[in-house]
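Participant: Take this structure first; my questions come after.
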Amino acid sequence: MKKSLLLLLAMLLSISLLVVACGGEDEEPTDTDTDSSETDVDDTEETTEGDVPQGGTVTYGFTQPFAGVFDWAHYGGQDDSLVLGLMHDTLFSTAEDLMTVPHAADFEISEDGLTVTISIQEGILWHDGNELTAEDMVYTWQVIAHPDYTGDRWSNVEMIVGASDVRSLEEYDPLPVHELEGVNVVDSHTIELQVNDPAPNTISNLWTNPMPSNHYEGIAVADLEDSEEVRRNPVGFGPFKVTNIVPGEMVEMERFDDYWQGPANLDGVVYRVVDGAMGAELVQQGEVDILEIQPGQAVQLEGNEAVQVLDYERLSYSYIGFKLGHWNGEEIVMDNPKFEDVRVRQAFAYAIDREGIINAFSDGYGVVINAPESVISWAYPDESTLTQYDTADRDADVAKANELLDEAGYSERDADGWRLDPDGNPFTVNFMAMSGSDISEPRATYIVQNLQDVGVNAKLQDGQLFEMNLFYDLVEEDHPDIDLFMGAWGLSADPDPTGLWRKSDAWNFPRWYSETSEELIREGLSLDALDPEYRTQVYQEWHQHVNEELPMIPLFSPIGVYAVNANVQNVQPFLSSAVYNPHLWYRTDVE
């Protein structure tokens, strides 16, 4: 490849994340991630066995029951990704500068951008003793392209030549045996991959989290997600292997002595679900060693030498989504008239006091945003070009909300002062939010009150909050009672909106698209977009379009806070969680 093109691609090949929001109640599903092993390869030599105490276990807490889908290609949220990050690994990883780097494999892109060669390191073992080979990666792509695949990573393989042909088969084997035309196994550890078109994010978007093909042998693709091999006896090639699972409550893991980067310092890790409202107290008491807490709880830990408080910028954002339609199994159908008038959506944005939410419930740990992107992303737009729905003048924002609602035909009110719709019917709005911590309910109530302050008869859906997995099940199913919902997305380091915002994306939860949006998303992956400045401008225009159409109200880009037992060292939160180089964690209090 020419040096200029290599450098150009290198600037753009940053990889995907896992995701997450603010300590439990906002935990988001993850973006279509290719590299959930957020490991800087330069860090792997920082601490070697013998330099630090060996042994002991660490308890990693989480504040919601986990779904228990322990396979990269099928999991949906941070609840399961944390376990996967401890027991699994990936071929490429995200360095601290957000660039894609080799990890368990190396990669090379041809000069024309149409061929990717992946070379897997030899001698890497799965927990069941089988060696990681090219066949495992090929098997994974065949699973994701299969018509019966139940996960949401199609956008990470659709660029492979022949993948669409397999996905559209009408007659097929229930097993993942259908070969993809563009996949050529050169030898047991080398794959040559043909893609349909050159793109600036081929490596970062390509799915490179291999499945253990021997472990899944004989299992139909439709049955994989709920199989014993995934939910009860998962296998990875990471530093810890699973020994016991108590569904929804706890996962016990022990050190995998044959881990390819060398045995971990710890004997094991316990992943345990805890009460988020008691997070700081649990860490102080030694019940939990690592836990993401609400920023307000950090105050309780000030001056406590037994606990480290670690904050970090998250590659994620929180939002309030409008339900504008439904998913018909293949694409978005925008058929909900309730919020079809953009003035109503904009009025809601002005009405919601986002700065107040951050200050009251996150102790200022966060930044108000007007685009669905993290402020640490290179593609975050110039705020001066965006409509500012939350200004320093709260009274003016409320007045603007009232003005827009009146203009949209919602000026008449009933005897109780609630607005009526343009046809004179009651205008009620159900707001759906997650449970999970001590701020969940007061924050949701605050948002409802913001809307009530401008005459909207808003209320919590069913008068309650919802557990995370049930929440996302209902959101994904487009439950008819949902009008507004508060969610969060963890993002990939590459800002391509594919997977979350296209008409064909199942995870497009607001159920919104436009021809302008579709065209700009395509343009962001075009040949012209190999020029970083051009690609940046495309995403600037896309964010401006979304800011005007407002299918969701971006709330804030969060700053996460971890409480960590002072006896546990080398814990470094990065992008979405503290599961970063866990093989380097160690305890100072072991004998």
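The values are calculated or read from the model by the stated rules, or taken from the named source; none is laboratory data. Small disclaimer: the values here were computed from a predicted structure and weren't measured. Cβ placement follows ideal geometry from the backbone for every residue including glycine, while neighbour counts extend to all protein chains displayed. What goes into the accessible areas is simple: the full protein's heavy atoms, side chains included, and nothing from ligands, DNA or RNA. Shrake-Rupley method; radii C 1.70, N 1.55, O 1.52, S 1.80 Å.
Participant: If we keep just the residues of the range 192-225 that are under 22 Å from Gly129 (Cα atoms) and touching a Ser or Thr at 6+ places or on another chain (Cβ under 7 Å), which is surrounded by the fewest Cβ atoms within 10 Å (Cβ to Cβ)?
Facilitator: Only one residue tops the list, namely Ile219.
Participant: If you check every pair at least six apart or on different chains, which have Cβ atoms under 6 Å apart with a residue in the range 125-143 that is free of Cβ contacts under 8 Å to residues at least 12 places away in the same chain first and a residue that is outside any helix (DSSP H, G or I) and not aliphatic (A, V, I, L, M) second?
Facilitator: Partner pairs satisfying both residue conditions: none exist.
Participant: Output the number of residues of the range 450-465 satisfying the condition of being open to solvent by less than 60 Å² (accessible area, probe 1.4 Å), out of contact with any helix residue (DSSP H, G or I) (no Cβ under 7 Å at 6 or more places or on another chain) and more than 19 Å from Asn425 (Cβ to Cβ).
Facilitator: 1
Participant: Looking at (1) in contact with a Lys or Arg (Cβ under 9 Å, 6 or more places away or on another chain); (2) surrounded by fewer than 22 Cβ atoms within 10 Å (Cβ to Cβ); (3) of a type in the set (A, V, I, L, M), can you tell me which one Leu575 breaks?
Facilitator: The single condition Leu575 does not satisfy is (2).
Participant: Could you please find all residues in the range 417-449 being under 21 Å from Asp390 (Cα atoms), open to solvent by 50 Å² or more (accessible area, probe 1.4 Å) and either in contact with a strand residue (DSSP E or B) (Cβ under 7 Å, 6 or more places away or on another chain) or in contact (Cβ under 8 Å) with a residue 40 or more places away in the chain (or both)?
Facilitator: Pro442, Tyr446, listed by residue number.
Participant: Something else now. Those residues that are under 26 Å from Arg343 (Cβ atoms) and open to solvent by less than 50 Å² (accessible area, probe 1.4 Å), I need them from the range 519-538; list them, please.
Facilitator: Of everything in the range 519-538, those that are under 26 Å from Arg343 (Cβ atoms) and open to solvent by less than 50 Å² (accessible area, probe 1.4 Å) turn out to be Leu520, Ile521.
Participant: Which residue, of Ser155, Ser188, is in contact (Cβ under 8 Å) with a residue 12 or more places away in the chain and in contact with a Gly (Cβ under 6 Å, 6 or more places away or on another chain)?
Facilitator: Ser155
Participant: Can you name the residue in the range 128-141 that is surrounded by fewer than 24 Cβ atoms within 10 Å (Cβ to Cβ) and of a type in the set (S, T, N, Q) and, of all such residues, is nearest to Phe92 (Cα to Cα)?
Facilitator: Here the residue is Thr133.
Participant: Name the pairs whose Cβ atoms lie under 8 Å apart, with the first residue in the range 330-354 and free of Cβ contacts under 8 Å to residues at least 40 places away in the same chain, the second open to solvent by 40 Å² or more (accessible area, probe 1.4 Å) and outside any helix (DSSP H, G or I), and 6 or more positions between them or separate chains?
Facilitator: Close Cβ pairs satisfying both conditions: Asp335/His326; Glu340/Met334.
Participant: Can you confirm whether Asp106 is open to solvent by 10 Å² or more (accessible area, probe 1.4 Å) and either basic (Lys, Arg) or touching a strand residue (DSSP E or B) at 6+ places or on another chain (Cβ under 6 Å) (or both)?
Facilitator: The answer is yes for Asp106.
Participant: Hey, another quick one. So for the range 291-305 (the condition being outside any strand (DSSP E or B) and free of Cβ contacts under 8 Å to residues at least 12 places away in the same chain), does at least one residue qualify?
Facilitator: Yes, the range 291-305 contains at least one residue that is outside any strand (DSSP E or B) and free of Cβ contacts under 8 Å to residues at least 12 places away in the same chain.
Participant: In the range 386-402, what residues are more than 25 Å from Pro372 (Cβ to Cβ) and of a type in the set (Asp, Glu)?
Facilitator: Scanning the range 386-402 gives a single hit, Asp395.
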